[in-house]
Amino acid sequence: MTIKQYLRNFIPLKLFMFLSLVSFSQNDYTVSGKVVDKDAGIPLEYATITFNDVTGQLSPQGGVTDFDGNFSIEVKEGKYNIVVEYISFEPKKYNNRTIGSNINLGTVALGLNADSLDEVVIRSETTQVDVRLDKKIYNIGKDLTTQGATISDALSNVPSVTVDVEGAISLRGNENVRILINGKPSAMAGFGDTDVFQQLPADAIERVEVITSPSARYDAEGTAGILNIILRKEKTLGLNGSVSANLGYPTNSSISANLNLRTDKFNIFNTTGVYYRKSPGNASFDNRYYGDDISVDQSLEDREYDRRRQGINTNLGMQYFLNDNSSITGSVFMRFGDDKDISENNTSRFLNNNLINKTTRTEIEKEEDESYQYALNYENKFNDEGHKLTADFQYSYDNEDKPTSIVENFTFPTETLQGEDRIFESKKKNEFLIQADYVLPMGDAQFEAGYRGNFEEEVTDYTLESLDLGTNQFVIDSLLTNKFTYNENVNAVYTQYGNKIGKFSFLLGLRLEQTQLKGKISSEFDNQEALEQELGTDVDINFDKNYLGLFPTVNLIYELGEEENISLGYNRRINRPRGWYINPFPSRSSRTNIFQGNPDLDPAYSDAFDIGYLKQWDKLTLTSSLYYQHETESFERIQEDTGNTTIDGESIIRSIPINLATNDRFGGEFGIIYNPEKWLRFNGSFNIFNSQTEGNFNGVDYGTNNTSWFARFSSKITLPSEIQWQTTGFYRGPNKNATTESDGIFSMNLAFSKDLIKDVATISLNVSDLLNSRKRRSFTDNRDGANDLNYFTSDSEFQWRERQITLGLIYRFNQPRNAKSGRRGNEGGAGMDEGGDFEG
């Protein structure tokens, strides 16, 4: 349990009002003792002891326990009601105790609160893991390698999560993961991609919830599960915060500030960051073509990327306490970006080992984007037992303008202009979210019900102009100039019930979701048949689909002992295709290697089972699980020859997502946290899985069987002079799908940290990808077993970002280690991200 969790939930406002202590009365006495976990016997750090004068003449007095659970508090002479509290535990009360001399209360043993029956807490300075019925919560605040890093970097250090070289996020090796911010879809995630997470600072995160068996309260989206990113928000009374600055090579400059102003009546919070980064990268492709009547049998392509990211983001909000039991919170998030990508492609083409020609292709893509998100949360606690109602409204708006110029020249055998394109692409997205949740505790049990409506519209306006080499004038491509409108509307209701009977806890839920997916293409050039022929697809590019589904969830925990339990989870999930997976208009990042969406995609459905085991020893904690997932209509990205060629006869290969028949995934994961000494800590995890897919597309069998694994290791050492040294290593094993095999990838990060002023100013040095080895190497062979005369192979290597070195400095003000807190348990409009999921 972290200080932040403790401050958020339990410390009363009046606990630390020390005015009564500064009068230096001669009638002060010492009250001492120790607070421990009744069941485990371990000390409880930061438990609170409150002394309330029964006459009401003296202000409340109190303090907190130290690392070993001990407390020693100076209290004025008098008669008091004494309360000992700790998050998730039943408080201990001593009423009408007269203090007229020094008193030792002895050992105060607190038992778990019945409302927290699903929670198991693993404590470690490097990593904290809260194991609950439906999720694991990782506090990454002390991970040195995230200082000066991005959210993507932080997620790559979370067990069960992988982030590939392009920033794609996977959970247990499965990319079909739903990403939420503070429990809700967010404008921070842009147009459904994860590129924005490579821009926002990691120090904005308080914790990450890995939800592999989501309860019914969560959206059923994401067959792999849910990653819920909880952003940082200080809860200390008064004005407090921090400022951090970073400087890196290649260029990585940023400055951010977290500010918080809190009183008994309101809480104002703001996080603002400005950044300027460059991310050089590279790629190479060796494409070989086999068959009759081909004019090119080999193409060698080398790419160099120069990416610039600059922008500003800010999150401003205010929580107003209407009374002791209810509050209303409003917030606005804004992000403005001005990015620029320059890619240089040099391609050599051969026939029978003879050089045919060489071309140089320069693509300059600019991107100006803006995002706004307005959120309103209301929370009403009917009592202190967890009976409450929350309501949320959220509106998000995203706009991206991406003008692109592409110029391609022959450099051999002659230097001539081959072609020039201009692309004007604009994306606009509007999204509304409405949600209400009701929680009713019933003794040891808890009932919950709620509604969520999510309505979004994404409009992509695309214009392509090509240079007519004869007239030297740009001409609009009437077939590929279009406006694509995509709507996704989801209405959902749910209910769930949980209880604890002896050592057995359960949480049962049912969610009903109605989904509408609509797509419409409009163009001033009305030529539907020619358009479908150009796109190479015979599906209806204008569609309106409706789906109704029930999604049950079952989560169980049985306590084998005080520090040992076993859990079982089942849930049904849906994976809806995002807009860019649906949009049928091809990308033009390469003349010969393109990506194209598939408007005929249907949602995929999965049934997932998970068995977990937890065991704690004195200095070692083990978490493990075995899982199985059966998915129908699963998504798969394949590569195929379009049958079209460039003007010089080279085949055009496209990557397209399709629905395969089934996917079965078996796996197991294991994690350890080992603290042999105070100055030495280890953290490791291992995940192995087998994926079996079946299905056909365009007469080709894309069934495959793939076994892969990934492992993560982290060590943290305290060197002399209190220098912190952290090393993290990650390896993802080889993997394959129906047509492509990818080699394993190893990367290592190194970080050092030193307090210049204890708990106030910290300097850090972070080296990301120390060995510069984070590269994806793949080999694709689309040979059809029925006809192996006409096919292609592609041998490629891709590096998204080269090794990064970052120097950081953070300064904190008014953030003492034992910070004072305001109201109990009503923090920051938690709304959907915290309360109401049987956590107490």
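Read the figures in this text as sums done on the coordinates, not as results from a lab. Remember, predicted model here, so these are calculated numbers, not experimental data. Note: ideal-geometry Cβ built from the backbone for every residue, glycine included; neighbour counts use all protein chains shown.
Please compute the Kirkwood hydrodynamic radius of region 238-833 from all pairs of different C-alpha atoms, in Å with one decimal.
Its Kirkwood hydrodynamic radius stands at 28.3 Å.
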- prompt: Normalised by the residues of region 238-833, what does the relative contact order come to in percent, with Cα pairs under 8 Å and at least six apart?
  reply: 11
query: Which FRET efficiency value, to the nearest 0.05, is calculated for Asp324 and Tyr451 with the Förster distance at 35 angstrom and r the Cβ-Cβ distance?
result: 0.80
Inter-part distance where region 482-500 and region 264-306 are each reduced to a Cα centre, Å: 32
- prompt: In percent, how large is the relative contact order of region 254-297, given Cα pairs closer than 8 Å and 6 or more residues apart?
  reply: 29
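Net charge near Val475, counting Lys/Arg +1 and Asp/Glu -1 over other residues with Cβ under 10 Å of its Cβ?
Numbers: positive: none; negative: Glu465, Asp468, Asp477.
Residues near Val475 contribute -3 overall.
What does the charge count near Glu400 come to, summing +1 for each Lys or Arg and -1 for each Asp or Glu among other residues with Cβ under 9 Å from its Cβ?
Numbers: positive: Lys402, Lys427, Lys428, Lys429; negative: Glu367, Glu368, Asp369, Glu370, Asp398, Asp401, Glu425.
Combined, the nearby Lys, Arg, Asp and Glu give -3.
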query: So for the pair Phe666, Lys265, with labels modelled 7 Å out along Cα→Cβ, what separation do we get in nm?
result: 6.4
- line: Expressed in angstrom and rounded, the centroid-to-centroid distance over alpha carbons for region 364-417 and region 721-793 is 26
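Between Asn542 and Asn399, how high is the FRET efficiency from 1/(1 + (r/R0)^6) when r is the Cβ-Cβ distance and R₀ = 22 Å? Nearest 0.05. Each step should come with its number before you reach the end.
Details: r = 24 Å, r/R0 = 1.10.
Here the calculated transfer efficiency is 0.35.
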- request: Sum up the charges of everything whose Cβ sits under 11 Å from the Cβ of Gly248, counting Lys and Arg as +1 and Asp and Glu as -1, but leave Gly248 out.
  value: +3
- line: Packing-ranked peptide list from 426-434, 543-551, highest mean Cβ count within 10 angstrom first, is 426-434, 543-551
message: Taking the Cα of Asn814, stepping 7 Å toward and past its beta carbon, and measuring to each backbone N in region 250-287: which are under 11 Å?
response: 259-263, 268
